[in-house]
Structure formats: C-alpha cells, structure tokens
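*Asks:* Sharing a structure here in structure tokens format.
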Amino acid sequence: MIARGIKQLRRAFDEGETTPEALVDEALRRIESGDSELGAFLHLASEQARKRASDSTLRYRAGNARPLEGIPIALKDVICTAEMPTTCASRLLDGYRPPYSATVVERLEGAGAIIVGKVNNDEFAMGSSTENSGYQLTRNPWDPSRTPGGSSGGSAAAVAARFVPAALGTDTGGSIRQPASFCGIVGLKPTYGRVSRYGLVAYASSLDQIGPLASSAEDCAEILQIVAGGDPRDSTCVTHPVPSYLAELGQPLAGLRLGLPREYWGEGLAPDVASSARGALEVYRELGAELVELELPHTEYAVAAYYLVATAEASSNLARFDGVRYGVRKSAEGGSLLEMYKATRHDGFGSEVKRRIMLGTYALSAGYYDAYYLKALKVRSLIRDDFLRAFARCDAIVGPTMPDVAFPIGAYVDDPLQMYLTDIFTVTANLAGLPAISFPCGVGGGGLPVGLQLIAPAFAESLLLRAVHRYQQATDWHHRVPARYAE
C-alpha cells in the first residue's frame, strides 16, 4: 500500500480500502524492519504519528479530510521541528529540540500530513554522500555497498525503499537531485524563494532551497502545492502566485523546446549514463518535444564558484554554533570563553564541516576577498546570463543529473575534491536560482538507477513537473523498487 501515489492513497482512504492508521502502521513496520540495514532515520516519532493517524482516520469518516490527510512524510534533519529533535546530523546539536517548527512543517501538518520522523543527511547538509553524518551511515537501497548520495541521502533512501511516499530535502548545490538520481526517484529543487526557508538551519543562505522527493512527478506536485508560497517570516521568500501544479500536469508536450548544452553531454560522462539519458531524449521526441543544441560556456567554472560562495556563507552561518546558545557545550582547561569556543567546535563539528568553514573563512579574509569571493560572485552572474540566453532558444534545459551512477561508500573519503567535481551538472541551477528536477530514466552499471535533469526558467516548476509527468506516463522507470524493499 505504501508504494502507491498520494492520489491513489487518498482514493483508498475514501473508499474504505484502508485507513491512515493502517498506512502509518505499515510505514512504521517497514522502517522498523528495514532501516537497520539502510540507516535512513535518525529519529522515529512512532507514538506521535500513530496518534495523528487516528485523528486523520476520524476526519475521513467525518468527510472533512485535508489534501494530504493521513499521508506519512519524512523530513531531512536540517528542518526544525518543535516536537522532535533537530540535530542537522551533527554531534554539536546532539539532542537539540527547537522551540518552533519550520513553515514547511506547519503547512504539511496543516494539510493533514503525518511526520513520521527525521532522516539522515551529511552534517549541516555539507556533502554528497551522507557519509559525513555525525551519527550513522546511510546506504543506497539498490546496493548497500553504494552511497545514496547527499546531502539529502536519508530522504531519498527512505522514499526509494518505500518507507514513506514522500520526503522533504534541501538543495544547496544538488542535494535533492543527486540523491534522487542515485536512488531512482524524483527530486525537485524549486526556484530560490518559491518555498519558505523559515526554520531551515542555514548552510548557504543564497543557495539553499527546500523541496520534495517522491516516486513520481505527480506526488512532488502534491507536496509543492502545499509548501510553496510567500511567508512574511522569510524575507527571501517571494509572493509570486502559486499555480495549480496538479491541474497543469496533463497538458501535452507538443512544441516543447528542450535545450541540450554541449557542456552536459561531453567529456566525463559515463557511457551507460549517456546511453540511458539519450534514450530518454528519444521518448521526448516521440512526445512532441523539439531538441535544440546550445552552449552554457561558463559551466566549467561553476564548481569552483559554487565552493567559494557556499563555503563563505557557511563560514558566516555556522559562527552561531559556539556552545553558548545551541546544543552541546564543551569545557576546556583554563575556562576562558575562547577555549570553550575552541573545544566545542573542535569536538562538535566533523571534518567536512571544518574543511568548508576554513575554506570560506579564508576566501572572506582580508587580502583574499577580491581574489576569491568577489570573483566567484562575478562568475555566478555570468552563469545566470548563460541561462538567460539559453532560455531565449528553449523552454527547458536537459541533461544527465550526475556524470555516473552511485559510487561505492568510501570511494572519495580521501579525495573530497574529486567528490566536489561530481556536482558539475547540478550546482549551476543553484547559482542561478533556477528550478530543476531529477527523475529516473534508465539503469547503468550494476543495475543502478540513472537520473535525467531538467532546468527551467524561474518559477516554471509547472513546466518541469508536466514534462516529467508526461515522460512517466510513457515509461515505467519510476515504478521500479529495489528487490529487498519490494512489497
């Protein structure tokens, strides 16, 4: 039952085939029996979820169910929840419970969704493999020797294993789309400002965005419909009108122009990934789309620019975690305030977080600001201009989400720079503030999923969701479930 889409689950509730109580019980049983190997969940709110499921069952019987009534959902552990811990997968926030919930949590629960727990991620969302968590390793449901991607690896793994129909993740440089690609599901990064970041623990404030992960574009549309929209508590959240994403899913693709950037289809792309992605292009041709060759010439500078902008903002944002106001405090010999800061941050932060804080602090330091950070901002503007020119010739840009399938756990532990380079196709959308989506389009080596990415102009999430929905009506890649988690 849990593998059904949100619309199908609502119909099952309406027709009395099942109840929210039964569905939540099924989700919790699947998590309790399967997560010991997977390692997706950091906190499971079983008692709270069952109580809310009981309330949802009563609402269905009374005929006043809300849009997401009774649907179990998991949250990445960088999203604040007043009723359960928010640790950002960091030992520095061990046991921390925020005094409030994020706007997206309020909106989901207001729509009847049931938050069953918080899922693992790279510490403070810094990483591409979920190996940087301070608590546990999360594995890929398709092959436990492989990473699920990151930093929203727990969100993607929980959906791919059909523990929950949907989850929320965050995307700073590809952290929704990369794990969605590695785990064979759909992951949407909305336009910067489309979804409120109030209650999101910041990594890089000009890049971070909350978005849904699910098995289908339709389910992503269901979630986005609820969480999108202005929020006076977040000054970066825009009041741009929110369309009916579900109503626009069925529109045909005839005449849709898809741009193929030379930079996304050349050197470094694994042959099996290229083959699957090109097969998806043929499906789009059959659906009436036109393919347009183009260039995004500043793509080669994107990773360098991203890791300067993101780490500089991380250096500023993470200064607040000093042991005074949040989480764990470590005392030190001598007892001075400075020694307490040092001890707390030394013991609390993991190696990747320390690395990025130091990179960002260096880039912002006197004598280096102009040479690094300011130059990165100029490159960011050039990348945005590349997209503006490209969208004059096409409606959306298409290419592989990642250059290869999921890599083995530990493959880049000693070579973080090599892992950074795998973000080449995803960071550009964040630097330009554009919406982008990854969805399964085939399999590569070892039967591992391959993801295709679409990038659209700002606030064109409807176009992305429609394009993926029509593709999924013509194919069945999104119905594939890892054998060990199949019902």
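*Asks:* Given the range 1-93, what helices (runs of 4 or more DSSP H) lie entirely inside it while holding 3 or more residues that are closer than 30 Å to L137 by Cα and touching a residue at least 60 places away in the same chain (Cβ under 8 Å)?
*Replies:* By residue number, 20-38, 46-62.
*Asks:* Quickly run through the range 359-380 and pick out the residues that are free of Cβ contacts under 8 Å to residues at least 40 places away in the same chain and among the aliphatic types (A, V, I, L, M).
*Replies:* Residues satisfying the conditions are A366, A371, L374.
*Asks:* Can you tell me which of (1) under 19 Å from F439 (Cβ atoms); (2) free of Cβ contacts under 8 Å to residues at least 12 places away in the same chain is the one S235 doesn't meet?
*Replies:* It is condition (1) that S235 fails.
*Asks:* If we keep just the residues of the range 81-99 that are touching a Ser or Thr at 6+ places or on another chain (Cβ under 9 Å) and surrounded by fewer than 22 Cβ atoms within 10 Å (Cβ to Cβ), which is farthest from R345 (Cα to Cα)?
*Replies:* Here the answer is E83.
*Asks:* Follow-up. Quick check on my filter: what residues within the range 116-146 are in contact with a strand residue (DSSP E or B) (Cβ under 6 Å, 6 or more places away or on another chain) and crowded, with 24+ Cβ neighbours inside 10 Å?
*Replies:* Within the range 116-146, V116, G117, K118, V119, N120, N121, A125, N140 qualify.
*Asks:* Only one of (1) more than 16 Å from R91 (Cα to Cα); (2) not in a helix (DSSP H, G or I) fails for G323. Which number is that?
*Replies:* Going through (1) more than 16 Å from R91 (Cα to Cα); (2) not in a helix (DSSP H, G or I) one by one, G323 breaks only (1).
*Asks:* What are the pairs with Cβ atoms under 6 angstrom where one residue, in the range 459-487, is farther than 25 Å from P435 by Cβ and the other, located anywhere, is modelled with pLDDT of 95 or more and among the small types (G, A, S)? Sequence gap at least six, or different chains.
*Replies:* Y485/A161
*Asks:* Which one of the conditions (1) touching a Cys at 6+ places or on another chain (Cβ under 9 Å); (2) over 30 Å from L200 (Cβ atoms) does G268 fail to meet, given that it meets all the rest?
*Replies:* (1)
*Asks:* Yes or no: the range 344-355 includes at least one residue that is charged (D, E, K, R), out of contact with any strand residue (DSSP E or B) (no Cβ under 8 Å at 6 or more places or on another chain), within 24 Å of C80 (Cβ to Cβ) and modelled with pLDDT of 95 or more. Show your work before the answer.
*Replies:* Step one: list which residues in the range 344-355 are charged (D, E, K, R), which gives 345, 347, 352, 354-355.
Adding the requirement that they be out of contact with any strand residue (DSSP E or B) (no Cβ under 8 Å at 6 or more places or on another chain) leaves 345, 347, 352, 354-355.
Filter once more, keeping what is within 24 Å of C80 (Cβ to Cβ): 345, 347, 352, 354.
From the residues that got through so far, the ones that are modelled with pLDDT of 95 or more too are 352, 354.
Yes, the range 344-355 contains a residue that is charged (D, E, K, R), out of contact with any strand residue (DSSP E or B) (no Cβ under 8 Å at 6 or more places or on another chain), within 24 Å of C80 (Cβ to Cβ) and modelled with pLDDT of 95 or more.
*Asks:* Also, quick follow-up: Can you name every residue in the range 130-144 that is part of a loop (DSSP other than H, G, I, E, B), at negative phi and touching a Pro at 6+ places or on another chain (Cβ under 8 Å)?
*Replies:* T138, R139, P141, W142
*Asks:* Still on this structure: Being outside any loop (DSSP other than H, G, I, E, B) and not polar (S, T, N, Q) narrows it down to one residue among G211, G268; which is it?
*Replies:* G211
*Asks:* How many of the residues making up the range 147-177 are part of a strand (DSSP E or B) and either among the polar types (S, T, N, Q) or surrounded by fewer than 24 Cβ atoms within 10 Å (Cβ to Cβ) (or both)?
*Replies:* Of all residues in the range 147-177, those part of a strand (DSSP E or B) come to 166-170.
Next, only the ones that are either among the polar types (S, T, N, Q) or surrounded by fewer than 24 Cβ atoms within 10 Å (Cβ to Cβ) (or both) stay: 170.
Count: 1.
The values are calculated or read from the model by the stated rules, or taken from the named source; none is laboratory data. None of the values given here were measured: they were computed from a predicted structure. Note: ideal-geometry Cβ built from the backbone for every residue, glycine included; neighbour counts use all protein chains shown.
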